[in-house]
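Just below is one structure, and these are the notes that go with it.
The values are calculated or read from the model by the stated rules, or taken from the named source; none is laboratory data. As the structure is a computational prediction, the values presented were derived from the model and not from experiment. Don't worry about glycine lacking a Cβ; one is built from the backbone with ideal geometry, like all the others, and counts go over all protein chains shown. All accessible areas refer to the heavy atoms of the entire protein, side chains included, with ligands and DNA or RNA removed. Shrake-Rupley method; radii C 1.70, N 1.55, O 1.52, S 1.80 Å.
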Amino acid sequence: MVMPCSGIGKAYGEIGRQATYALMDDLCPDRVTTTCLAKLMIGDPDAVDLIKNNEVITVDGCAHDCARKNVESTGKKVDRAVRVISAFKQHRDLKPAGVLDLGEPGYKLVKILAQDLAQGIDCPVRKED
Amino acid sequence: MLELELVEISPKKVGIIPCNGEELPEGTLTRFACRKVLDKLKPSNTVTICLPLFIAGGKEEREFAQKFPTITVDGCDKQCSRINTERLSGKPRHSIVITDLLKEHGINAPGSARTLVDMDRQTVDLVAKEIAKKVDQILAE
């Protein structure tokens, strides 16, 4: 399970979500899935079961760590917690264009983050082109 | 002689709380529509909070619905945003459910949670206008 945060205040939340979608659709389609973070907050039994019975990586946009804290509120300890802001600090030239429309630099950061996550969960990373 | 006192009046703010559902295309609609309201349609009168901050944050975040009249925007009928806002912060003034709204207008949901196509942008506009209408109703109260 890869659980991105729900942030829409800054672009980092969207980068985490897009990296998660890239993992699910492109890099590790058979091994990665996600669910809505908000479902954990209402104790949705299916969402909670998915979290409790799988390895969980959280991808948070900012230091509030909403994804990690909400997953851990179910009693599950996350297997890996990633902050998008940390990835951005290593690639400061890749400044997203907008909060939800990331533009080319933002999507480059999405790819870098998705590939890092894929290696961490032992997925075969496909070379671009 | 009449004495006048100048008083600064801050514009009333309305809190918009989308579910942001990452799993569903309708959740993506809530994000884009809410950003449109915040950035384009009602920038002076709206604020938002990330729903999960009600758990991850502190007292200040939990008082959000007491500070602002709120509109929750949910992608599906689980209504995570409305339920969590009511439980952790305060009763929202209005609640919008995207699946109901699309049904009412005979519109299909986007095909993907990951990417919206041009046709979906019209759906974003529809949802954003509906939210803005509710904002206007609150501002007029």
- [ ] For residue A:87, work out the one condition from (1) within 11 Å of another protein chain (Cβ to nearest Cβ); (2) of a type in the set (Gly, Ala, Ser); (3) assigned to a helix (DSSP H, G or I) it doesn't fulfil.
- [x] (1)
Task: Tally, over segment B:85-94, of residues that are within 20 Å of residue A:40 (Cβ to Cβ) and either among the hydroxyl-bearing types (Ser, Thr, Tyr) or part of a strand (DSSP E or B) (or both) - done: 2
Task: Test set (1) touching a residue at least 60 places away in the same chain (Cβ under 8 Å); (2) in contact with a Leu (Cβ under 8 Å, 6 or more places away or on another chain); (3) more than 8 Å from chain A (Cβ to nearest Cβ); (4) over 16 Å from residue B:128 (Cα atoms) - residue B:17 fails condition number - done: (4)
Open item on the list: For segment A:8-34, which positions are open to solvent by less than 20 Å² (accessible area, probe 1.4 Å), more than 11 Å from the chain's Cα centre (by Cα) and either at the interface with another protein chain (Cβ under 8 Å from one of its Cβ atoms) or of a type in the set (Lys, Arg) (or both)?
Closed with: A:8
Task: Out of B:76, B:50, sole residue that is within 11 Å of chain A (Cβ to nearest Cβ), modelled with pLDDT of 95 or more, touching a Gly at 6+ places or on another chain (Cβ under 8 Å) and open to solvent by 20 Å² or more (accessible area, probe 1.4 Å) - done: B:76
Open item on the list: When you check residue A:95 against the structure, is it over 21 Å from residue B:54 (Cβ atoms), touching a helix residue (DSSP H, G or I) at 6+ places or on another chain (Cβ under 8 Å), among the charged types (D, E, K, R) and open to solvent by 80 Å² or more (accessible area, probe 1.4 Å), yes or no?
Closed with: yes
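Each row is one residue, and each column tells you yes or no for (1) more than 15 Å from residue B:30 (Cβ to Cβ); (2) in contact with a strand residue (DSSP E or B) (Cβ under 9 Å, 6 or more places away or on another chain); (3) outside any helix (DSSP H, G or I).
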position: B:104; (1), (2), (3): yes, no, no
position: B:113; (1), (2), (3): no, no, yes
position: B:116; (1), (2), (3): no, no, yes
position: B:121; (1), (2), (3): no, no, no
position: B:124; (1), (2), (3): no, no, no
position: B:127; (1), (2), (3): no, yes, no
position: B:131; (1), (2), (3): no, yes, no
position: B:139; (1), (2), (3): yes, yes, no
- [ ] Tally the residues that are modelled with pLDDT under 95, away from chain A (no Cβ under 11 Å) and in contact with a Phe, Trp or Tyr (Cβ under 8 Å, 6 or more places away or on another chain), restricting the search to segment B:59-73.
- [x] 2
Open item on the list: Looking at segment B:112-131, I want the residues that are under 21 Å from residue A:110 (Cβ atoms) and touching a residue at least 24 places away in the same chain (Cβ under 8 Å) and have a partner that is among the basic types (Lys, Arg) and buried (at least 16 other Cβ atoms within 10 Å of the Cβ) with Cβ atoms under 7 Å, at least 6 apart or on another chain. Which pairs are those?
Closed with: B:124/B:36
